[in-house]
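The values are calculated or read from the model by the stated rules, or taken from the named source; none is laboratory data. Since we're looking at a predicted model, the values are computed, not measured. Positions of Cβ are generated from backbone atoms using ideal geometry, with glycine treated the same way; all protein chains shown enter the neighbour counts. Note: areas computed on protein heavy atoms with side chains; ligands, DNA, RNA excluded. Shrake-Rupley method; radii C 1.70, N 1.55, O 1.52, S 1.80 Å.
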Amino acid sequence: MKRILVLFYLLFFLPIHLGSHSRPPLLFSAETLDPKSFQGIGEADPKRKESFPTFWGANALTQEDREVQGLKVTIFSLEGGAWIQHKKVKLGANRIEVFGKEAYKAFLKNGVHIEDQENGTVMRAGVGEYDKYSEMVYIKERPRLSFRDKTGKTTVISAKQIDRELSTKITKLHGGVIVNHPEVTIFCAEAVFKESEHLITTDPNPILISKNRYLSGKKLSFYTNESRILLEENTVLFQSSEETKKDPEGNEKKQTVLTILKGDKIESRPNEENDRTVMISGNATVLRKDMKITSDNIESVGRDSHIIKARKNIKVHDRENNLLLSGNVFDYFRNENYLHLTDEGKMEFLDKNSDQVTSTITAQEFERFLDQKETVIRGNIWIKSKSTEAQGEYATYFENDESVLLEGNPRINRSGKILRAGKIVFYPREGRSILTEGVHLGN
């Protein structure tokens, strides 16, 4: 009887071990991240000096030991609202596999959602991989990144794979990159987004598309906070616009006009009136069906280039009227049908068949009124042709008659003889002139 009592006593008080089952660790609530140390959650690795703890949790947890690359690793499988908190970045998914108590690596599966709470950047994908000590996140399966700039505009970037450095906020995008911004869409193979600089740079030969515009170049920089785009090396911009023009009978007719802008560098940004401005520098060229403009620097204002400004070494080839204008300061206002040229201004008349120069006019200022087909010329006017030179202070060129009315003490030099008159009508393509109102010879 005593032996039976002793055996019962031992069985009652000794612990019973059933297999290898162990009690799962406690979970943190997703709402409160209490930094107290619990077994399995946020516990520092004694072999590694960590600069920050990592927390994680879920609605359900299972734990198992696996052998990974020859090492025994404890893996925690989180399901149902699973999350990992890395400093101020929260990683979430329907299912997460966490490696080690300190969560040195994790695999996110099914509906990955990553939010950088400090910068408001959000990433989504099908699957992802998290590396704590390199502070990297890799996401695949239709990954995309979205953020909002200071103006309130949202940019969405997609690629085949997105790698984000959590410490530097630098994101690398690989394969089939598409940057969707309210004002422009960018296509390229590789890109880098530096969040601290609000800057996206791409690999060579990106393509940009916006409303009625197509751009390409070798090197692209997109400053998201300023909506500023910088293209360098072999840059070209194709632009279509609907313009109203008059036919020979004077009837107005709408037509689609293609404008090509190219140069060594193109910079596009909004101006103070929030109108898009394109700056072209280095071998700057604007091509239209009826006009070609070249200069050191050209500025195009508006999506339809309704204002064009050029500075230094300007040449304007008017193909429709067989004219070549040059100077150093040029302004064109298409809506007002007005063109202004000054600073060493010159107008050259070209032969319609050979494009050879027949006559030249130099002056201080040229004003073309395109709708009236007239050009007003002012200041120290010199007209030169093969056999005649003429001078005056004021002139008007009439495109329909192809004639120049020279006034303001006009005079003409023919074979060393000076002829003066009240007015001189000069035909620059023919070299012919008519003197009227008090014609006399001599100084």
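List of remarks:
- Pairwise centroid distance, computed over Cα atoms, of the stretch 200-231 with the stretch 81-129, Å: 31 Å
- Chain lengthening between GLU165 and ALA189 when straightened (0.36 nm per residue, less Cα-Cα): 6.7 nm
- Sparsely packed GluC sites (Glu not before Pro) within the stretch 178-285, loop by DSSP, other Cβ within 10 Å at most 12: GLU249, GLU272, GLU273
- Per-q log10 I(q)/I(0), the stretch 54-197, q = 0.09, 0.18 Å⁻¹ (Debye; single scatterer per alpha-carbon; no solvent): -0.29, -1.00
- Sequence of TRP382, TRP56 from largest to smallest accessible area, 1.4 Å probe: TRP382, TRP56
- Separation of the alpha carbons by more than 26 angstrom is noted, of LYS346/LYS386; LYS72/LYS140; LYS105/LYS160; LYS105/LYS169; LYS211/LYS315; LYS289/LYS346, for LYS72/LYS140; LYS211/LYS315.
- Accessible surface of the chain [probe 1.4 Å, protein heavy atoms]: carbon and sulfur percent: 49 percent
- Shape call, the stretch 172-227: gyration tensor on alpha carbons, a/c limit 1.5: oblate
- Per-residue [θ]222 nm for the chain (sum of -39500 (n - 2.57) over DSSP H runs n ≥ 4, rounded to 500): -1000 deg cm²/dmol
- Charge dipole of the chain (Cα centre as origin; +1 on each Lys and Arg Cβ, -1 on each Asp and Glu Cβ, all else neutral): 1360 debye, rounded to the nearest 20.
- Across all Cα atoms of the stretch 304-367, the radius of gyration (one decimal) and Dmax (whole number) stand at 12.0, 34 Å.
- Computed P(r) (all Cα pairs; the stretch 187-338; 5 Å bins; percent): 2, 9, 17, 21, 19, 14, 9, 5, 3, 1, 0, 0
- The mean of 1/r over all pairs of different alpha-carbon atoms in the chain, once inverted, gives a Kirkwood hydrodynamic radius of 28.1 Å.
- Straight-distance candidates among the aspartates and glutamates for linking to LYS245, with alpha-carbon spacing under 14 Å and chain neighbours fewer than 8 residues away dropped: ASP290, GLU320, GLU336, ASP371.
- Shape call, the stretch 349-407: gyration tensor on alpha carbons, a/c limit 1.5: oblate
- Whole-Hz Karplus values for the stretch 418-423 come out as 8, 10, 10, 7, x, 9 Hz, taken residue by residue from phi with 6.51 cos²θ - 1.76 cosθ + 1.60 and θ = phi - 60°; glycine and proline positions read x.
- Loop-resident trypsin sites (Lys or Arg not before Pro) (DSSP state other than H, G, I, E or B) in the stretch 343-433 with no more than 14 further Cβ atoms inside 10 Å of their Cβ: LYS352, LYS373, LYS386.
- Dipole axis of the chain (+1 Lys, Arg; -1 Asp, Glu on Cβ), positive-most option in THR168, LEU78, HIS440: LEU78
- Relative intensity of the stretch 146-244 on a log10 scale, I(q)/I(0) at q = 0.15, 0.23 Å⁻¹, equals -0.58, -1.28, per a Debye sum over C-alpha point scatterers of equal strength in the absence of solvent.
- The overall shape of the stretch 146-187, judged from the alpha-carbon gyration tensor, is oblate: a/c is not under 1.5, and a/b is no greater than b/c.
- Given +1 at the Cβ of Lys and Arg, -1 at the Cβ of Asp and Glu and no other charges, the dipole of the stretch 257-391 around its Cα centre is 400 debye to the nearest 20.
- Helix 2-13 vs. the chain, principal-axis angle (Cα, 0 to 90°, nearest 10): 10 degrees
- Placing a label point 7 Å from the Cα of LYS150 along the Cα-to-Cβ line, the residues of the stretch 271-287 whose backbone N sits under 17 Å from it are 271-274.
- The stretch 196-295: trypsin sites (Lys or Arg not before Pro) in DSSP loop, at most 11 other beta carbons within 10 Å: LYS211, LYS289
- Applying 0.36 nm per residue to the separation of ASN380 and HIS113 and subtracting their alpha-carbon distance, the gain on full extension is 88.9 nm.
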